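Student: Below you will find the structure I want to go over with you.
The values are calculated or read from the model by the stated rules, or taken from the named source; none is laboratory data. Computed from a predicted structure; not experimentally measured. Because the Cβ atoms are built from the backbone with ideal geometry, glycine has one as well, and the counts that use them run over all protein chains shown. Keep in mind that these areas ignore ligands, DNA and RNA; they rest on the heavy atoms of the full protein, side chains included. Shrake-Rupley method; radii C 1.70, N 1.55, O 1.52, S 1.80 Å.
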Amino acid sequence: MNILIFSDITCLVFAGGGNRCWWQAGLLKQLQENGARLPSSLVGTSAGAAIAASFLTGSTTYALQACQKLYAANDRLLDWRDLTRLQLKYAHQTIYPAWLASFVNESNFKELQSATSRLLVAVTRPARALGLKGSVALGTLTYLLDKNLFHSIHPTLPRFLGLKQAFFSLQDCISAKEAQTTLSAAAAAPPFMSGVYLQGGWAFDGGYTDNAPIPAQTDSEKASSLVLLTRHYPGKPPLFMAHGRLYWQPSRPVPVSTWDCRRGTTVEDAFELGQQDAHLALTKGLVKVIT
């Protein structure tokens, strides 16, 4: 049985997963209410990176409320009005940037920059031989293979195709707008959201390369890393060791649609499951917070 001493963690990784990432928010919020502090290093991709950023600005609760409000005002995933011009516009293209701007903006950007925890945001760079469209197409295929056939936590097929993962420090951004662009790039999963031109090249959802992004680490650093997954792996306990690291997964499939952004989407249920899982782990002594 693995026991987590949260204060020993120096690197906290936020896996991607769309709306499932609200499980991470509920989990970490509950740990904070029991005295936990953010470690010095955070890593994230897709919506996981955005959740991590919300903790750096101290606005996670507000971010949840903003998400609920944006979803409540939306009743469609797709705008068919541009279909006559052979264009499809997904609601995510406007909702996601608006959500990011609700908790990463000029009013709290200085707080983000001065945070003691540093956040690395992972994006995917396309393979040269495939270009952006080819990389997205084959990246989607390999993602589905890994998910449904191999059940890999850290897939290898995308890198075999030439896709690369790149990391950008959110605190190196010179404006709130640049920070929003970086977070948007990390979650740009075509066709829902288009690729983003970021610092000299195209970038899209980091989950296409590795949904639980891990920068190069020494063996000693691995031992003090914790990866917050958003996918449930049956047969594994909530806390388990793999690849020399500790992983924490939801106790059951997170009760929310990954990509839905319409009214009725149960993001609050995902958040509450995270709180429940953290509370149960603390109660059972699986997780200890030493302040």
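Student: I'd like to know if segment 242-253 contains one or more residues that are surrounded by 17 or more Cβ atoms within 10 Å (Cβ to Cβ), out of contact with any Leu (no Cβ under 7 Å at 6 or more places or on another chain) and within 18 Å of residue 2 (Cβ to Cβ).
Tutor: Our first condition is that a residue be surrounded by 17 or more Cβ atoms within 10 Å (Cβ to Cβ); within segment 242-253, this holds for 245-250.
From what is left, the residues that are out of contact with any Leu (no Cβ under 7 Å at 6 or more places or on another chain) are 245.
Still in the running and within 18 Å of residue 2 (Cβ to Cβ): 245.
Looking for residues that are surrounded by 17 or more Cβ atoms within 10 Å (Cβ to Cβ), out of contact with any Leu (no Cβ under 7 Å at 6 or more places or on another chain) and within 18 Å of residue 2 (Cβ to Cβ), one finds at least one in segment 242-253, hence yes.
Student: Another question, if that's okay. Would you be able to say whether some residue in segment 226-237 is in contact with a Leu (Cβ under 7 Å, 6 or more places away or on another chain), at negative phi, polar (S, T, N, Q) and buried (at least 21 other Cβ atoms within 10 Å of the Cβ)?
Tutor: There is no residue in segment 226-237 that is in contact with a Leu (Cβ under 7 Å, 6 or more places away or on another chain), at negative phi, polar (S, T, N, Q) and buried (at least 21 other Cβ atoms within 10 Å of the Cβ).
Student: I need every pair where a residue in segment 1-25 that is closer than 30 Å to residue 204 by Cβ and open to solvent by less than 30 Å² (accessible area, probe 1.4 Å) has its Cβ under 9 Å from the Cβ of a residue that is among the acidic types (Asp, Glu) and assigned to a strand (DSSP E or B), sequence separation at least 6 or different chains.
Tutor: The qualifying pairs are 16/205.
Student: Still on this model: Just give me the residues in segment 85-132 being on the phi > 0 side of the Ramachandran plot and either in a loop (DSSP other than H, G, I, E, B) or among the hydroxyl-bearing types (Ser, Thr, Tyr) (or both), in sequence order.
Tutor: So in segment 85-132, the residues on the phi > 0 side of the Ramachandran plot come out as 86, 131.
Residue satisfying the conditions is 86 alone.
Student: Take segment 171-185 and flag every residue that is assigned to a helix (DSSP H, G or I) and free of Cβ contacts under 8 Å to residues at least 60 places away in the same chain.
Tutor: Of all residues in segment 171-185, those assigned to a helix (DSSP H, G or I) come to 171-172, 176-185.
Once the filter is applied, which keeps residues that are assigned to a helix (DSSP H, G or I) and free of Cβ contacts under 8 Å to residues at least 60 places away in the same chain, segment 171-185 yields 171, 172, 177, 178, 181.
Student: Which condition number does residue 66 fail, the rest of (1) open to solvent by 10 Å² or more (accessible area, probe 1.4 Å); (2) farther than 24 Å from residue 171 by Cα; (3) not hydroxyl-bearing (Ser, Thr, Tyr) being met?
Tutor: Evaluating residue 66 over (1) open to solvent by 10 Å² or more (accessible area, probe 1.4 Å); (2) farther than 24 Å from residue 171 by Cα; (3) not hydroxyl-bearing (Ser, Thr, Tyr) leaves (2) as the failure.
Student: Just one of 210, 277 is touching a helix residue (DSSP H, G or I) at 6+ places or on another chain (Cβ under 7 Å) and of a type in the set (D, E, K, R); which is it?
Tutor: Details: 210 fails: touching a helix residue (DSSP H, G or I) at 6+ places or on another chain (Cβ under 7 Å).
None of the other options fit; the residue is 277.
Student: From the list 198, 163, which one is without any contact (Cβ under 8 Å) to a residue 60 or more places away in the chain, out of contact with any Pro (no Cβ under 6 Å at 6 or more places or on another chain) and surrounded by 16 or more Cβ atoms within 10 Å (Cβ to Cβ)?
Tutor: Details: 198 fails: without any contact (Cβ under 8 Å) to a residue 60 or more places away in the chain.
None of the other options fit; the residue is 163.
Student: So which residues in segment 17-49 are over 16 Å from the mean Cα position of the chain (by Cα) and either of a type in the set (Ser, Thr, Tyr) or in a helix (DSSP H, G or I) (or both), if there are any at all?
Tutor: Residues satisfying the conditions are 30, 31, 32, 33, 40.
Student: In segment 215-249, what residues are more than 18 Å from residue 40 (Cα to Cα), outside any loop (DSSP other than H, G, I, E, B) and touching a helix residue (DSSP H, G or I) at 6+ places or on another chain (Cβ under 9 Å)?
Tutor: 239, 248, listed by residue number.
Student: Looking at segment 212-234 only, could you name the residues that are modelled with pLDDT under 90 and over 17 Å from the mean Cα position of the chain (by Cα)?
Tutor: Once the filter is applied, which keeps residues that are modelled with pLDDT under 90 and over 17 Å from the mean Cα position of the chain (by Cα), segment 212-234 yields 216, 217, 218, 219, 220, 221, 222, 223.
Student: Any residue that is open to solvent by less than 30 Å² (accessible area, probe 1.4 Å), under 29 Å from residue 156 (Cβ atoms) and in a loop (DSSP other than H, G, I, E, B) - is there at least one of those in segment 259-282?
Tutor: Within segment 259-282, none of the residues are open to solvent by less than 30 Å² (accessible area, probe 1.4 Å), under 29 Å from residue 156 (Cβ atoms) and in a loop (DSSP other than H, G, I, E, B).
Student: Something else: Would you point out which residue out of 73, 53 is small (Gly, Ala, Ser), over 17 Å from residue 248 (Cα atoms) and buried (at least 24 other Cβ atoms within 10 Å of the Cβ)? Break it down stepwise before answering.
Tutor: Values: 73 fails: buried (at least 24 other Cβ atoms within 10 Å of the Cβ).
Criteria check complete, one pass: 53.
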